[in-house]
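The values are calculated or read from the model by the stated rules, or taken from the named source; none is laboratory data. What you are looking at is a predicted structure, and each value in this text was computed from that prediction instead of being measured. We place every Cβ from the backbone using ideal geometry, glycine too, and count neighbours over all the protein chains shown.
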Amino acid sequence: MTTTAIYPGSFDPVTNGHVDVVERGLELFDRIIVVILHNPQKTSLFSLEERVEMLEVSLKGLGNIEVDTFHGLTVDYCVKHNAQAILRGMRAVSDFEFEFQLALMNRRLNRDIQTVFLMTSLRWLYVSSSIIKEAVYFGANINGMVPPIVQQKLRERFEHKNQRP
């Protein structure tokens with residue numbers, strides 16, 4: 001039996017921490033579908049299409065990976081794609097309460113879907129999409145924290161902010 005996990009998130013933008021979770025997730029699952037979930041409560045910097053492109057380029061070369069988008073409940077997506085698990089990355093204790101609550105709700109909605117947590121590797125512990133965006137906004141060098149395509153797209157997006165008179 002092939003084991004499939006769904007790795008849901010906003011990926012706005014994808015970081016090297018996200019890539020790390022996918023790479024290590026492939027050691028546990030035969031197939032991972034990275035799903036950009038539409039969250040109406042969040043305002044995204046990048047469009048769905050841009051995030052799909054950045055993920056596809058960032059994950060190129062990894063086998064058995066798909067990138068998709070979805071509007072709805074993660075457990076419904078899992079059922080539709082015959083996935084047995086939801087893969088989630090956690091950076092710090094501050095992530096735990098939200099992730100635990102989400103996992104319990106998903107378990108309540110569908111007892112056949114398991115949630116698997118992977119702790120982010122130490123080197124990515126401090127990296128989050130929101131911190132990366134803020135750093136680039138103020139002209140910081142984020143080399144090595146995000147895939148090259150993401151660094152390029154962020155530089156282009158905030159180019160006008162970093163020009164000094």
Of all residues in the stretch 17-45, which are of a type outside the set (A, V, I, L, M), touching a Lys or Arg at 6+ places or on another chain (Cβ under 9 Å) and surrounded by fewer than 21 Cβ atoms within 10 Å (Cβ to Cβ)? D20, S44
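Just name the residue that is farthest from V52 (Cα to Cα) out of those in the stretch 136-151 that are outside any loop (DSSP other than H, G, I, E, B) and aliphatic (A, V, I, L, M). Before you say what the answer is, go through the steps one by one.
Residues of the stretch 136-151 outside any loop (DSSP other than H, G, I, E, B): 136-137, 148-151.
If we keep only those that are aliphatic (A, V, I, L, M) too, we end up with 136, 149-150.
Numbers: V136: 21, I149: 12, V150: 11 Å.
Among those that are outside any loop (DSSP other than H, G, I, E, B) and aliphatic (A, V, I, L, M), it is V136.
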Are there any pairs with C-beta distances below 8 angstrom linking a residue in the stretch 1-13 that is free of Cβ contacts under 8 Å to residues at least 40 places away in the same chain and of a type outside the set (D, E) to a residue that is in a loop (DSSP other than H, G, I, E, B) and surrounded by fewer than 24 Cβ atoms within 10 Å (Cβ to Cβ), with the two at least 6 apart or on different chains, and if so which? T2/D30
What are the residue pairs meeting all of these: first residue in the stretch 120-138, first residue within 18 Å of D95 (Cβ to Cβ), second residue among the acidic types (D, E), Cβ atoms under 7 Å, and 6 or more apart or on different chains? T120/D20; S121/D20; W124/D20; S129/D12
Complete set of residues in the stretch 76-109 that are buried (at least 16 other Cβ atoms within 10 Å of the Cβ) and touching an Asp or Glu at 6+ places or on another chain (Cβ under 9 Å): Y77, C78, Q84, R88, G89, M90
List, please: which pairs have Cβ atoms under 9 Å, are six or more places apart or on different chains, and start with a residue in the stretch 47-64 that is within 17 Å of I36 (Cβ to Cβ) and in contact (Cβ under 8 Å) with a residue 24 or more places away in the chain and end with one that is of a type in the set (K, R) and in a helix (DSSP H, G or I)? E50/K153; E53/K153; M54/K153
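Kindly establish whether V116 is more than 22 Å from E50 (Cα to Cα), exposed (fewer than 12 other Cβ atoms within 10 Å of the Cβ) and among the β-branched types (V, I, T).
Values: more than 22 Å from E50 (Cα to Cα): yes; exposed (fewer than 12 other Cβ atoms within 10 Å of the Cβ): no; among the β-branched types (V, I, T): yes.
It is false that V116 is more than 22 Å from E50 (Cα to Cα), exposed (fewer than 12 other Cβ atoms within 10 Å of the Cβ) and among the β-branched types (V, I, T).
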Which condition number does E50 fail, the rest of (1) part of a helix (DSSP H, G or I); (2) at pLDDT below 95 being met? (2)
Test result for T69, at pLDDT 95 or above and surrounded by fewer than 17 Cβ atoms within 10 Å (Cβ to Cβ): yes
Leading residue by the ranking (nearest to L154 (Cα to Cα)) among those in the stretch 86-101 that are out of contact with any helix residue (DSSP H, G or I) (no Cβ under 8 Å at 6 or more places or on another chain) and in contact (Cβ under 8 Å) with a residue 12 or more places away in the chain: A92
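Matching residues to (1) part of a helix (DSSP H, G or I); (2) at pLDDT below 95; (3) within 30 Å of F158 (Cα to Cα):
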site: M54; (1), (2), (3): yes, no, yes
site: N82; (1), (2), (3): no, no, no
site: L104; (1), (2), (3): yes, no, no
site: R108; (1), (2), (3): yes, no, no
site: E134; (1), (2), (3): yes, yes, yes
Keeping to the stretch 15-47, report how many residues are closer than 23 Å to V136 by Cβ, in a loop (DSSP other than H, G, I, E, B) and of a type in the set (A, V, I, L, M, F, W, C). 2
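Examine the stretch 46-65 for a residue that is β-branched (V, I, T) and touching a Lys or Arg at 6+ places or on another chain (Cβ under 9 Å), and state whether such a residue exists.
yes
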